[in-house]
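All remarks here apply to the structure that follows.
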Amino acid sequence: MSTGQLRDPAHRVSPKAVRLWLFESLIAFVLLVGGSLLVADWASDWSWLPGWLTSNIWLLPVVIGVLATPLLVAEPFVRYSVHRWELSGDVVYARSGFLTREWVFVPVSRIQTVDKAQGWLERSLGLATLEIRTASHAGSSTIKGLDFQVAAGLAEQLAHRAEQLRDDAT
């Protein structure tokens with residue numbers, strides 16, 4: 001048993017994925033600060049709160065914004081540096097994560113479906129998500145932030161290779 005570190009998968013996701021994740025972070029920021037504004041407005045009428053708190057309740061969205069900004073700005077760049085994928089022999093190897101890291105090895109022989117997905121923002125940036133499914137949820141994988149053409153080619157290659165391996169097994 002090897003105790004060394006796993007090597008990085010060979011391929012990065014598209015650099016355009018940073019823009020996608022920055023926009024998603026912006027949406028999260030607006031929702032967080034907007035939600036905290038609503039809570040602050042609602043909580044300002046609570047008579048059971050101490051006076052010093054109700055008179056300074058406007059600080060809630062400010063604190064939320066100040067605390068969330070570094071995380072929401074850093075997250076797309078950290079994700080880009082971590083997200084990688086590789087088709088190596090008969091295994092798809094993918095790594096992803098922001099706060100936690102996930103390494104997934106999917107044997108091509110176990111692949112049941114390979115799907116491409118595009119949200120409206122992904123489509124506008126020419127990106128796609130590749131969804132690789134096996135019979136076991138634990139063996140499935142998702143690779144986000146791929147150029148559409150890369151995702152389409154990889155999906156076709158995986159489907160073809162999985163079909164060959166199934167035919168060889170019979």
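Mean residue ellipticity at 222 nm, helices only, the chain: -17000 deg cm²/dmol; runs of at least 4 DSSP H residues each add -39,500 (n - 2.57), and the sum is divided by the number of residues. Against the main long axis of the alpha-carbon atoms of the chain, helix 59-82 sits at an angle near 10°. Our summary gives the chain a relative contact order of 22 percent, counting only alpha carbon pairs under 8 angstrom and 6 or more residues apart. For the stretch 77-170, the dipole from Cβ point charges (+1 on Lys and Arg, -1 on Asp and Glu) about the Cα centre works out to 360 debye, to the nearest 20.
The local environment of VAL82, defined by Cβ-Cβ distances under 12 Å, has a net charge of +3 under the rule Lys, Arg +1 and Asp, Glu -1.
How much net charge surrounds LYS16 when only the other residues with a Cβ under 14 Å from the Cβ of LYS16 are counted, with Lys and Arg +1 and Asp and Glu -1? That sum, taken over residues with Cβ under 14 Å, equals +2. In the chain, taking the dipole from charged Cβ atoms about the Cα centre, the farthest positive-side position among VAL91, LEU53, ILE132 is held by VAL91.
Using only the Cα atoms of the stretch 96-170, build the gyration tensor, take square roots of its eigenvalues as a ≥ b ≥ c, and label the shape rounded, prolate or oblate: rounded if a/c is under 1.5, else prolate if a/b is larger than b/c, else oblate. Judged from the Cα gyration tensor, the stretch 96-170 comes out oblate (a/c at least 1.5, b/c at or above a/b). Under a point-charge model restricted to the Cβ atoms of Lys and Arg (+1) and Asp and Glu (-1), what is the dipole moment magnitude of the stretch 1-118 relative to its Cα centre, in debye to the nearest 20? Once rounded to the nearest 20, the dipole reads 500 debye.
For the stretch 112-156, the solvent-accessible area with a 1.4 angstrom probe is 52 square angstrom per residue. Projecting the Cα positions of LEU38, LEU20, VAL62 onto the charge dipole of the stretch 1-62 (unit charges on Cβ atoms of Lys, Arg, Asp and Glu, taken about the Cα centre) puts LEU20 furthest along the positive direction. Across the alpha-carbon atoms of the chain, the computed radius of gyration and Dmax are 21.7, 76 angstrom.
The mean sequence separation of alpha-carbon pairs under 8 Å and at least six residues apart, normalised by the residue count of the stretch 1-79, gives a relative contact order of 42 percent.
The values are calculated or read from the model by the stated rules, or taken from the named source; none is laboratory data. Fair warning: this is a prediction, and the values are worked out from it, not measured in the lab. Backbone-built Cβ (ideal geometry, glycine too); neighbour counts: all protein chains shown. Just so you know, the surface numbers come from the protein's heavy atoms only, side chains and all, with ligands and any DNA or RNA stripped out. Shrake-Rupley method; radii C 1.70, N 1.55, O 1.52, S 1.80 Å.
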